[in-house]
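So the structure is just underneath, and the comments pick up after that.
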Amino acid sequence: MSEGLLNSESGLLTHKLNPGSPVRKKILIVDDVEKNLRLLEAMLYPMGHDIMFAKNGKEAIEKVHSNPPDLVLLDIMMPVMNGYEVAEKLKNGDTTRMIPIVMVTALNEVEDRVKALEAGADDFLTKPVEEVELKARITSLLKVKAYNDYMKDYQRILEEEVGRKTLELRRAMDGLKNASLETILRLARASEYRDDDTGDHIKRVSYCSEVIARNMGMSQSFVDAIRYASPMHDVGKIGIPDNILLKPGKLDPEEWEIMKTHTTIGKEILSNSEFEFVKLAEEIAYTHHEKWNGSGYPRGLKGSEIPLSGCITAIIDVFDALLSERPYKKPFPLEKALSIIEEGNGSHFDPDVVSAFMTSLDEIMKIRQLHP
Ligand SMILES: [Fe+2]
């Protein structure tokens, strides 16, 4: 049935099924009197449906579960389990409640009929059963059942289709995100190419900043944003002349002032964006050389005046520089790098960020191994 619902070319759901089409259905007749079973069978046989029988309520329940019918003709007065109990059980079962039940009874009092309806019967017929009436009721209820089956199937296919499309969309979004991150890393690498031609420094800054932000309990949107934004922290170096940026020796005071402008140049390059992660990148470019005690640059911000994004990027940037080789220095051993970070706790670095950094050290070292 489900195959007819999905148009494979368009991927859209189409109404190929006709829920009211006359197809062979299964009818369960429940009666403890053999003669009654045969009588109903004789009336239903010409309709072309498959007929099943049960001689009491218990047997009826078993048959409904082992081979679900499309309709039950149910006698009321039976041994073992009467018709009311059977109807109630079927209408309370998740898989059986949609099967129409027609009570067939010799009882003709209004209260018996009310009781049958209360037990969950969808309709009732009075013995002796009129053939025309029986066929009319059955045809009508089978149509309702077929329509319900159709709707149930349609809904299931629709849910599967929505689930599949959502997954596709999520994959496409992930692909776009990854493409964005790669583009950012490559552009950031272009800006740092002159003094870091491998590009691994910016990858380490990106992934390690993400780890610290996550371990500080920041929101997922902030964690994502800092992963994208932190690689751009030194994008302003593009505006620093070679003779200063690549100078192997110490910078003189005038050169140092020019070097410091990579923060404000970066801010300018990244300013006025409508995207959150670019706004965060602007903030990081501007503040990643500020120090907790106010002795940093370009503005000499102090303590909580420095945005967290800048504090996180600062510690990762410095730690990475300490462990890396430079024209003027060999890489420091890990112990020394860590002691320098500790010394900077509360002076250079935000104490909360130092604490998160120490907690995240294993993860950070793994990232360093992956991007040496
Ligand atoms: Fe920098």
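Computed quantities for the displayed model
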read-out: Leading residue by the ranking (farthest from the ligand (Cβ to nearest atom)) among those in the stretch 256-283 that are over 18 Å from Tyr297 (Cβ atoms) and aliphatic (A, V, I, L, M); value: Val278
read-out: Qualifying residues in the stretch 69-117 (those that are in a strand (DSSP E or B) and not hydrophobic (A, V, I, L, M, F, W, C)) - the one farthest from Leu37 (Cα to Cα); value: Thr105
read-out: Residue within the stretch 311-321 that is over 17 Å from Ala188 (Cα atoms), more than 16 Å from the ligand (Cβ to nearest atom) and touching a residue at least 40 places away in the same chain (Cβ under 8 Å) present; value: no
read-out: Enumeration of residues in the stretch 26-54 that are modelled with pLDDT of 90 or more, assigned to a loop (DSSP other than H, G, I, E, B) and surrounded by fewer than 17 Cβ atoms within 10 Å (Cβ to Cβ); value: Val33
read-out: Selected residue (criterion: modelled with the lowest pLDDT) from residues of the stretch 65-105 that are closer than 20 Å to Lys143 by Cβ and of a type in the set (Val, Ile, Thr); value: Val104
read-out: Unique residue being in contact with a Pro (Cβ under 7 Å, 6 or more places away or on another chain) and surrounded by 12 or more Cβ atoms within 10 Å (Cβ to Cβ) when the list is Ser180, Ser206, Ser191; value: Ser206
read-out: Where a residue in the stretch 261-277 is within 15 Å of Pro231 (Cβ to Cβ) and its partner, wherever it lies, is β-branched (Val, Ile, Thr), with Cβ under 7 Å and at least six apart; value: His262/Ile240; Gly266/Val235; Ile269/Val235; Leu270/Val235; Leu270/Val278
read-out: Filter pass, Asp252 being touching a residue at least 24 places away in the same chain (Cβ under 8 Å) and more than 13 Å from the ligand (Cβ to nearest atom); value: no
read-out: Pick from the stretch 336-372, criterion small (Gly, Ala, Ser), without any contact (Cβ under 8 Å) to a residue 24 or more places away in the chain and closer than 17 Å to Thr313 by Cβ, ranking: surrounded by the fewest Cβ atoms within 10 Å (Cβ to Cβ); value: Ser355
read-out: Yes/no for Asp174 being of a type in the set (D, E, K, R), in the same structural domain as Met259 (by TED's automatic domain parsing) and either surrounded by 10 or more Cβ atoms within 10 Å (Cβ to Cβ) or under 22 Å from the mean Cα position of the chain (by Cα) (or both); value: no
read-out: One residue from Glu160, Glu88, Glu109, Glu130 being within 17 Å of Ala60 (Cα to Cα) and either surrounded by 11 or more Cβ atoms within 10 Å (Cβ to Cβ) or out of contact with any Cys (no Cβ under 9 Å at 6 or more places or on another chain) (or both); value: Glu88
read-out: Some residue of the stretch 220-237 being within 14 Å of the ligand (Cβ to nearest atom) and surrounded by fewer than 16 Cβ atoms within 10 Å (Cβ to Cβ); value: no
read-out: Any hit, the stretch 310-325, residues being under 23 Å from Lys247 (Cβ atoms), modelled with pLDDT under 95, in the same structural domain as Lys260 (by TED's automatic domain parsing) and not in a helix (DSSP H, G or I); value: yes
read-out: Glu255 under 28 Å from Ala179 (Cβ atoms) and among the charged types (D, E, K, R); value: no
read-out: Residues of the stretch 284-299 classified as away from the ligand (no atom under 16 Å from the Cβ) and surrounded by fewer than 18 Cβ atoms within 10 Å (Cβ to Cβ), total; value: 2
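The values are calculated or read from the model by the stated rules, or taken from the named source; none is laboratory data. A quick note: this is a predicted structure, and the numbers were derived from the prediction, not measured. All Cβ positions, even for glycine, are placed from backbone atoms using ideal geometry, and neighbour counts span all protein chains on display.
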